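Enquirer: Before anything else, here's the structure in question.
The values are calculated or read from the model by the stated rules, or taken from the named source; none is laboratory data. Everything quoted here is computed from the prediction, not taken from an experiment. All Cβ positions, even for glycine, are placed from backbone atoms using ideal geometry, and neighbour counts span all protein chains on display. Remember, those area values only see protein heavy atoms, side chains included, never the ligands or the DNA or RNA. Shrake-Rupley method; radii C 1.70, N 1.55, O 1.52, S 1.80 Å.
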Amino acid sequence: MTAQPSTSAPLVPDRRSLVEAVVASTVGTTIEWYDFFLYGIAAALIFPHLFFPTFSTFAGQILAFSTFTIGFVARPVGGVLFGYLGDRVGRKSTLVATLLLMGLSTLLIGFLPSYARSGIAAPLILAGLRFLQGIGVGGEWGGAVLLALEYGHRGRRGFYASWPQAGVPLGLLTSTGVLHLFKGLLSEEAFLAWGWRIPFLLSGLLIVVGLLIRIRILETPLFVQLQATQQVAQAPVTETLRRHWRDVLLAAGTRLNENACFYLFSAYVITYAQDVLRIDPAWVLQAVTWAAAVEFFTIPLFGLLSDLWSRKGICIAGCLFLAGFAWPYYALLETRQPAAVMVAVVVSLAGGHAMLYSVQASLIP
């Protein structure tokens, strides 16, 4: 967290710069979360067979999700590291770095040999690459949010800051869509042998697209003003923890329920459908794809509503909604009917989760 700016009025960006900044943050976030979610879906469907074949089905699934968990362990490390750099050298430079780190880590997973070829080295390298993914996405979220927020802070703060959040369902949409496409086009044997690698290798192309967009943007007006007035914090992390530790804990609390619900609704539900309900996981994968498409629109909508009403009010409403929807969610899944499964997944993600996630970008900063 940087030092407070002076009382003089901050520089006001023109509309074109504002739009470019919002687009750059949204596109970059989409690419980052495409990579992050792609791993989660692969951990549910593919990695137990390829990297933990000597274990039982249940143990292999647990180990695959354990490597998935490593990304969450690394995310605070990325947040601290790139948060510090963002407050010292600027938002733009750190966002380019996080995009490269995430994209290259994902690209390397696409080239990784399986356990059958490399033995124990394969899952160990997989875990290491997942750790780098976590550092990348941990630094990306805060930087992308601040980029949009600091450009649009004078206008509709909740609306502008919600667009990087909308990159999350867009990343989920592209990752599930690409996997669903290749899983449908190829036989099961071909998909497990080499087809699963293609979505990971596509990350290389996405890196180029993201970099071309992000390199065009300028540094945020608020950070430029801090540099001009020599008010850039010397020890951003230390100052934040010393002066605002209560706010840090509250922010972590607001992320806790949202994160837990999101990965339950988007990743674990695929395994639940396959191993517990004994239904085709492709149904759920398709439902998650549709839910992500709808949530891309509902997140900015709730962000706009937070400008008109209350960010805290939207957040509380989302918590109450998800608490009330817990039983209907599982009841709909237990019917084992495609339409009911679709309703459960879409409502949980595009409804309850969107309410929580949309306002975090403007509420926490």
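Enquirer: So which residue, out of 122, 21, 323, gets the largest mean-square fluctuation from a GNM of the chain using Cα contacts under 10 Å as springs?
Expert: Greatest mean-square fluctuation among the candidates belongs to 323.
Enquirer: Next question, about the same structure. Explain nothing, just compute: Karplus ³J(HN,Hα) = 6.51 cos²θ - 1.76 cosθ + 1.60, θ = phi - 60°, for every residue of region 85-90 in order, whole Hz, x for Gly and Pro.
Expert: 5, x, 7, 9, 10, x
Enquirer: How do 84-94, 351-361 rank on mean C-beta neighbours within 10 Å, highest first?
Expert: Final packing ranking: 351-361, 84-94.
Enquirer: Among 242-251, 71-80, 330-339, 33-42, how do they line up from the highest to the lowest mean number of other beta-carbon atoms within 10 Å?
Expert: 33-42, 71-80, 330-339, 242-251
Enquirer: What list of ³J(HN,Hα) couplings, whole Hz, do you get for region 20-26 from phi and the Karplus terms 6.51, -1.76, 1.60, once you set θ to phi - 60° and write x for glycine and proline?
Expert: Computed from phi, the couplings for region 20-26 are 4, 5, 5, 5, 4, 5, 5 Hz.
Enquirer: Can you pull the percent of the chain's accessible area that's carbon plus sulfur, 1.4 Å probe, other chains left in place?
Expert: Carbon and sulfur atoms account for 71 percent of the accessible area of the chain.
Enquirer: Kindly write out, for region 254-263 in residue order, the coupling ³J(HN,Hα) from the Karplus curve 6.51 cos²θ - 1.76 cosθ + 1.60 (θ = phi - 60°), rounded to whole Hz, with x marking Gly and Pro.
Expert: Result, rounded to whole Hz: 5, 7, 4, 5, 5, 5, 4, 5, 4, 6.
Enquirer: What ranking, highest mean first, results for peptides 102-112, 308-318 when packing means the other Cβ atoms within 10 Å averaged over each residue?
Expert: 102-112, 308-318
Enquirer: Rounded to the nearest 500, what is the 222 nm mean residue ellipticity of the chain from helices alone, with -39500 (n - 2.57) per DSSP H run of 4+ residues and division by all residues?
Expert: Helix-only estimate at 222 nm: -26000 deg cm²/dmol.
Enquirer: Compute the distance in nm between two label points, each set 7 Å from the Cα along the Cα-to-Cβ direction, one at residue 116 and one at residue 310.
Expert: Distance between the two pseudo-spin positions: 5.9 nm.
Enquirer: With Rg and Dmax of the Cα atoms in Å defined as stated, name the option among [x] 22.1, 83; [y] 20.8, 72; [z] 20.5, 65 computed from the structure displayed.
Expert: Here the calculated entry is [z].
Enquirer: Please compute the length gained on full extension between residue 245 and residue 189, using 0.36 nm multiplied by the number of residues separating them and subtracting their Cα-Cα distance.
Expert: So the extension gain works out to 15.0 nm.
Enquirer: Now for a different question. Residues of the chain: accessible area per residue at 1.4 Å, in Å²?
Expert: The answer is 43 Å² per residue.
Enquirer: Here's another thing I want to ask about it. Using Cα springs under 10 Å in a Gaussian network model of the chain, which residue among 241, 172, 63 shows the largest mean-square fluctuation?
Expert: Looking only at 241, 172, 63, the biggest GNM fluctuation is shown by 241.
Enquirer: Can I ask one more? Quick one: if the Förster radius is 35 Å, what FRET efficiency do residue 16 and residue 237 give, using the C-beta to C-beta distance and rounding to 0.05?
Expert: FRET efficiency, residue 16 to residue 237: 0.55.
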